[in-house]
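To start, the structure itself, in structure tokens.
The values are calculated or read from the model by the stated rules, or taken from the named source; none is laboratory data. Remember, predicted model here, so these are calculated numbers, not experimental data. With ideal geometry, Cβ positions are generated from the backbone for all residues, glycine too; neighbour counts draw on all protein chains shown.
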Amino acid sequence: MPFKHHRPSAPLHKRFAYKVLASFAACVVFMSPCTATALASSSHRVSKASKAVEGNVEFRVADRASHRVDGAHVLVVDPQGRVIASGKTDTSGTWMVRMNVPQDPRFASVKPMGTVTALVVAQGYNEQVLFEVPVSSHEVQPVILNPITKGQRNEPTIMLGNLHRHVVAELLNHYGTQQGLTRQAPIPGELQYSPWGPAEKGGHQR
């Protein structure tokens, strides 16, 4: 029988590497449109989430008698829970800060705007926490502190940020239209204002 020369096989680690590369190539070539779309969508969400808004917020701190509070300490917390700014009010009860925060996606259809949380403390007063403080080109945020009163219920209080009524109306318009809701009848004497109602287009009630 004639002698047959057998070509030596590739080492084990090389054969394993060839199989891995072949499997990867097959995944790339035969990637489904759904998978590709999902990856593109994910990339788009990351890009959209990275948008930032820069602006000034002027905190004006006073008590219920409209006396301005000097030396109130303001802490600003971003949506990720990080303290991004802090400072104290001056003799006029004012502290201004410039900050850069992520665009709040809820208001993306209305205007470039972010939102933060503010914690305000001052000597002789109970704490105040403000949620949804708007951040855009320039915002004024009033803060009302309650004095510590012996024998009374002393505790932190909360407020909402000073969102302009037009911003709130546009937010309602966006989501009301998106969800197919309809407006109620116009209010007599209220020019060009019809509140949104629970009925959907087609007469259905949510």
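The number of residues in the range 62-116 that are part of a strand (DSSP E or B), among the polar types (S, T, N, Q) and closer than 30 Å to H174 by Cβ comes to 2.
Any residue in the range 133-140 that is in a helix (DSSP H, G or I) and in contact with a Ser or Thr (Cβ under 7 Å, 6 or more places away or on another chain)? No, that holds for no residue. Pairing residues of the range 168-180 that are free of Cβ contacts under 8 Å to residues at least 60 places away in the same chain and surrounded by 14 or more Cβ atoms within 10 Å (Cβ to Cβ) with residues that are not aromatic (F, W, Y) and not in a loop (DSSP other than H, G, I, E, B), at Cβ distances under 8 Å and at least 6 apart in sequence or on separate chains, gives G176/R183. Reported count of residues in the range 96-138, each being touching a His at 6+ places or on another chain (Cβ under 9 Å) and under 29 Å from S66 (Cα atoms), is 5. Scanning the range 63-90 for residues that are polar (S, T, N, Q) and within 17 Å of V140 (Cα to Cα) returns S66, S86, T89. Tallying residues that are of a type in the set (S, T, Y) and surrounded by fewer than 15 Cβ atoms within 10 Å (Cβ to Cβ) within the range 108-142 yields 2. Each residue in the range 149-167 was checked for being loosely packed, with under 12 Cβ neighbours inside 10 Å and either touching a residue at least 60 places away in the same chain (Cβ under 8 Å) or among the hydrophobic types (A, V, I, L, M, F, W, C) (or both), and 2 pass. The residue that is farthest from the chain's Cα centre (by Cα), counting only those in the range 141-168 that are among the β-branched types (V, I, T) and under 30 Å from S109 (Cα atoms), is V143. Taking the range 182-206 as the range and being modelled with pLDDT under 85 and touching a strand residue (DSSP E or B) at 6+ places or on another chain (Cβ under 8 Å) as the test, the residues that pass are Q205, R206. Screening S137 against (1) hydroxyl-bearing (S, T, Y); (2) within 28 Å of the chain's Cα centre (by Cα); (3) modelled with pLDDT of 95 or more leaves a single unmet condition, (3).
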